[in-house]
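The values are calculated or read from the model by the stated rules, or taken from the named source; none is laboratory data. These figures come from a predicted structure and were not determined experimentally. Here Cβ is always computed from backbone atoms with ideal geometry, including for glycine, and neighbour counts include all displayed protein chains. These area figures cover heavy atoms from the full protein model, side chains too; ligands, DNA and RNA do not enter into them. Shrake-Rupley method; radii C 1.70, N 1.55, O 1.52, S 1.80 Å.
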Protein chains: 2
Amino acid sequence: MTPETLARLKAAAGPKGFSDDPAEIAPHVEEWRGKYHGHSTLLLKPATTEEVAAILAICNETNTAVVPQGGNTGLVGGQIPFDGEIVLSLARMNRLRAVDRAAHTMTVEAGMILAHVQKAADEAGLLFPLSLAAEGSATIGGNLSTNAGGVAVLRYGMARDLVLGLEVVLADGRVLDLLRTLRKDNTGYDLKQLFIGAEGTLGVITAAALKLFPKPAVRATAFVALASPAAAVALLGRMQEATGGLISAFEILPRAGLELVLAHIPGTRDPLAAPSPWYVLVEATSAARFDLDAAFEAALAEADIADAVVAASDAQRAAFWALRETMSEAQKREGASIKHDVSVPVSAIPDFLTQATAAVLKAVPGARPVSFGHIGDGNIHFNFSAPKDGDGAAFLARWEEVQRIVHDVVHDFGGSISAEHGIGVQKRDQLPRYKSEAELDVMRMMKRMLDPRNILNPGKVIAL
Amino acid sequence: MTPETLARLKAAAGPKGFSDDPAEIAPHVEEWRGKYHGHSTLLLKPATTEEVAAILAICNETNTAVVPQGGNTGLVGGQIPFDGEIVLSLARMNRLRAVDRAAHTMTVEAGMILAHVQKAADEAGLLFPLSLAAEGSATIGGNLSTNAGGVAVLRYGMARDLVLGLEVVLADGRVLDLLRTLRKDNTGYDLKQLFIGAEGTLGVITAAALKLFPKPAVRATAFVALASPAAAVALLGRMQEATGGLISAFEILPRAGLELVLAHIPGTRDPLAAPSPWYVLVEATSAARFDLDAAFEAALAEADIADAVVAASDAQRAAFWALRETMSEAQKREGASIKHDVSVPVSAIPDFLTQATAAVLKAVPGARPVSFGHIGDGNIHFNFSAPKDGDGAAFLARWEEVQRIVHDVVHDFGGSISAEHGIGVQKRDQLPRYKSEAELDVMRMMKRMLDPRNILNPGKVIAL
């Protein structure tokens, strides 16, 4: 970057809109877990769409690469400037532009933190259902750019499903105003879809019109013991019918995982009398005051399960959820583990678990399977703890080998090697193994079409 | 087309896969209402994806244009070969490839008739909710290519929302296999979105993986009298809360429309004692046996309405629906009418109706507004009957002038000039008036990227 380009970019971003202070830049080039390390000499922090547009126009003209960044909470390195790119932080674009209570829509800027989006919806008497662990620092722009998943997908869909309109700045600085709040619009190609889940490689999302929903008024939660993942899949269908599709969470837990939680997390207890090889945590919510507890009791009484308890209080509900939510932490305290963010069709989960577990154990005898998570979405945290009393570092050294084994089985089942975290740099070079040349070629064509100079998050998602 | 190209295309389509018989071609080049007329000397009817691929490879190589066609039920001329293009009918690709009951998915070929898709889902004990007037002849490929709407959008979304995966043949004959049945998949750009709603201009959809839902077990239906569209919008929010979001239909009817129905359709009667300026037909369904009637009664008792009756029997429910479903027919029997397929944000419906009606009446005094339809989606059939005892032909001669007036008001409210029917040729040349140059430019770039020789449904949707 020439001194002249640098000066133009600083002027475009405004006096409060840039920093070349290494201390201020540092948290933007380092991933929060310390897994990915980048470097940059310039942080741009535009506060308006016009400033973003001016910045990108200069970058495009001067072949200067940028890495768009929201809350820097991504898990696959997509938001890290590995090659000294400018960091384009959307954090100052954090305004709530409009709420339409009657139409159940809200228009927000990309830098608004997800928890603030949720709060603004709540204050309007409505629900914005996207919810995930990083919601206190992740931004809605990042959520949309990565098509985030989270804990409410079964009921409300992925981030893509929650968008009515977008405002996007193209690589050449033109603003694409697609901020419509319509439920029905068939006036040509649906351009907003191009940018959702593109990880900032095709354009920079600056604002979004979001769908809102009625707030839940009642909630039912059950902790269920059952013999197998197959019984869990059958139970999912039964519970969806019993509640008319109101199931909001359907999480599977293995006995081995529950035992890690009971061993490592103070204050936890097994809700059921006898041990069981598998458990499901199931929850339904409704804005209407239906008797969901009664629907749960009736459905569970007829289901092929070993035992079940429906939460009789919010305290008991919280205790059930603690077993699920502390499972990652318990696994961490137990020692080294190898993890996967994969999905398969829901009906294939039982066979997938059997085959993938066998394949990993053949390669790494003694590895301890602790697979749990969003079985309702077909999305399993397919994790293994190191063998009991084994060498954790030696186990972790086999991560790529184990991942290859798992991803190959995932692929055999028509599954996805990235259910919700995206591609970034982490899985970019795995795509040719699992996608057709035609699919990769269309991806490359899209990248070249919308970013012909390759200035937007270069090297992420797709190799040119 | 040279004789050699013709021979190659016939060979690619197989002995049963082509026709050059004008009598057989005729129904494929004429729109069913007789509004659009095309011509063609060759109908290709491939039965497999491989045959479609072979045909397009030849077309691309020889610069031969094709018009993909499903059930030929489109309303905007998108499926008509205006310039003698080959008609590429998907009708023989009508197989059900797979049903996965546990995963609630079904994989079907593009030429399967929508009613047959619904029936196959029903036989699997599930619901495919896409439903529209032409479902007995429209094909699922056409529904997806036009992102069809219909009567269940409020609850289940547009056709786009019902798709998990697609199989598409690209312009150059390559097959894009995106037939995944996953609920979560973040492995790069979501390519299937490119082809949904693209009206066959970017690729030919040959198969789709669809989402299925639990079948409704209970249903509540009410016919409500209220003072204004504003009261209807308020009622929508209340009814959604009362049912936890289970409202499946929310249709507005004006008194003038009801009177046309009562006058022209034998066997209809006004369900309520006193006349009211507006009515709403509201329905909720659930797969769970919730007491929806009680929820309706309680919500309606507290709502700002004039009167209401909840259907006590299926016969009464059918009588309510007949009032809505015969309104187009009643308007037709009354004489000439000018119609619009438009949407605005739900909250803007009352002001839109006021302003757009005033604007039309200023231009055409005496025109009789009969606006009705999917107010829950913001999608109104914004229709006018000719002035009482006026000259119908003279009224219809002003269609384009009236449409311009209406579309301008729609645009002022951030609305859509094609809520569900698409663009085709009918509204193509209106797009530059209502879309930004940046948006049109990205549309043109997409067309050039995926169909560089402009062989796929040329001239439809976007002018190059």
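Some points to look at:
- Per the conditions (1) over 23 Å from B:R453 (Cα atoms); (2) open to solvent by 20 Å² or more (accessible area, probe 1.4 Å), the sole criterion not satisfied by B:I25 is (2).
- Entry remark, the range A:203-233: residues being in contact with a strand residue (DSSP E or B) (Cβ under 9 Å, 6 or more places away or on another chain) and over 30 Å from B:E439 (Cα atoms) number 18 in total.
- Residue match in the range B:383-402 (condition: open to solvent by less than 30 Å² (accessible area, probe 1.4 Å), over 28 Å from B:I80 (Cα atoms), in contact with a Phe, Trp or Tyr (Cβ under 9 Å, 6 or more places away or on another chain) and not aliphatic (A, V, I, L, M)): yes
- Restricting attention to the range A:435-461 and to residues that are in a helix (DSSP H, G or I) and at the interface with chain B (Cβ under 7 Å from one of its Cβ atoms), the residue that is nearest to B:L178 (Cα to Cα) turns out to be A:E439.
- With respect to (1) in contact with a Pro (Cβ under 8 Å, 6 or more places away or on another chain); (2) crowded, with 16+ Cβ neighbours inside 10 Å, the lone exception for B:R255 is condition (2).
- Residue selected from the range A:405-423 under the condition more than 17 Å from B:T181 (Cα to Cα), more than 7 Å from chain B (Cβ to nearest Cβ) and β-branched (V, I, T), by the criterion most open to solvent (accessible area, probe 1.4 Å): A:I405
- Condition met for A:L300 (under 27 Å from A:L132 (Cα atoms) and touching a helix residue (DSSP H, G or I) at 6+ places or on another chain (Cβ under 9 Å)): no
- Some residue of the range A:188-198 being among the aliphatic types (A, V, I, L, M) and away from chain B (no Cβ under 14 Å): no
- Residue within the range A:424-431 that is open to solvent by 10 Å² or more (accessible area, probe 1.4 Å), within 14 Å of another protein chain (Cβ to nearest Cβ) and in contact (Cβ under 8 Å) with a residue 60 or more places away in the chain present: yes
- Scanning the range A:159-179 for residues that are over 9 Å from A:A208 (Cα atoms), open to solvent by 10 Å² or more (accessible area, probe 1.4 Å) and not β-branched (V, I, T) yields A:R160, A:D161, A:D172, A:G173, A:R174, A:D177.
- Filter pass, B:V344 being more than 16 Å from B:L272 (Cα to Cα), open to solvent by less than 50 Å² (accessible area, probe 1.4 Å) and not hydroxyl-bearing (S, T, Y): yes
- Considering the range A:230-239, and only residues there that are within 11 Å of another protein chain (Cβ to nearest Cβ) and open to solvent by 10 Å² or more (accessible area, probe 1.4 Å), the residue that is farthest from A:L353 (Cα to Cα) turns out to be A:R238.
- A:T201 being among the polar types (S, T, N, Q), touching a Lys or Arg at 6+ places or on another chain (Cβ under 6 Å), more than 7 Å from chain B (Cβ to nearest Cβ) and under 27 Å from A:S89 (Cβ atoms): yes
- Hits in the range B:144-159 - residues which are touching an Asp or Glu at 6+ places or on another chain (Cβ under 9 Å) and assigned to a helix (DSSP H, G or I): B:S145, B:V153, B:L154
- Within the range B:261-366, helices (runs of 4 or more DSSP H) holding 1 or more residues that are touching a residue at least 40 places away in the same chain (Cβ under 8 Å), closer than 30 Å to A:T187 by Cβ and acidic (D, E): B:327-334, B:349-363
Residue by residue, here is whether (1) of a type in the set (D, E); (2) within 17 Å of the chain's Cα centre (by Cα); (3) more than 14 Å from chain B (Cβ to nearest Cβ) holds:
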site	(1), (2), (3)
A:L90	no, no, yes
A:T105	no, no, no
A:E123	yes, no, yes
A:E135	yes, yes, yes
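- Exclusive hit being over 19 Å from the mean Cα position of the chain (by Cα) and either more than 17 Å from A:L75 (Cβ to Cβ) or of a type in the set (K, R) (or both), set A:V410, A:V406, A:V402: A:V402
- Test: residue in the range A:401-424 that is among the acidic types (D, E), assigned to a loop (DSSP other than H, G, I, E, B) and modelled with pLDDT of 95 or more: no
- Scanning the range B:91-106 for residues that are open to solvent by less than 10 Å² (accessible area, probe 1.4 Å) and in contact with a strand residue (DSSP E or B) (Cβ under 8 Å, 6 or more places away or on another chain) yields B:M93, B:T105, B:M106.
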